[in-house]
Amino acid sequence: MTKETTVSLNHREFVFKALASSQRLNILSLVLEHDNICAKEISKKLELSQPDISYHLSKLTQAGILEKSKDGIKYCYDINYELLENIGINPKILLNQPRR
């Protein structure tokens with residue numbers, strides 16, 4: 001096993017651990033619906049406190065699932081489709097809501 005394979009597997013594990021939270025999946029679903037959404041909007045829509053949102057956004061960005069950009073004084077987030085596709089995750093399928 002090469003070092004590249006080990007790092008790749010470790011990163012995959014990190015990504016899957018970050019996805020193993022219903023709150024983070026809710027955040028991901030919201031980001032999927034609204035490209036480049038800001039943290040304050042996420043907090044309002046999900047009715048979570050700013051510290052909770054910051055914690056979950058940090059986990060998702062550290063794993064590389066979300067990309068963070070600065071818009072003035074606000075931080076906005078978008079899905080890193082390239083990373084997810086490289087490890088075989090289609091966010092639209094992952095976050096698909098069941099039909100009612």
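Since every read-out is calculated from the coordinates, none of them should be taken as a lab result. The structure displayed is predicted, hence computed values, not measured ones. Every residue, glycine among them, receives a Cβ derived from its backbone with ideal geometry; neighbour counts consider all protein chains shown.
Within the stretch 3-87, count lysine pairs with alpha carbon atoms under 15 angstrom apart where the residues are 8 or more positions apart or belong to different chains.
Taking the Cα cut-off of 15 Å, the pair count is 6.
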*Using unit Cβ charges (K, R positive; D, E negative) and no other charged atoms, how large, in debye to the nearest 20, is the dipole of the stretch 3-87 about its Cα centre?*
320
*Along its principal axes, what span do the Cα atoms of the stretch 3-87 show, with the longest given first and each in whole Å?*
41, 25, 20
*Quickly work out the Asn36-to-Ser69 label distance, labels modelled 7 Å from Cα along the C-beta direction, and quote it in nm with one decimal.*
0.4
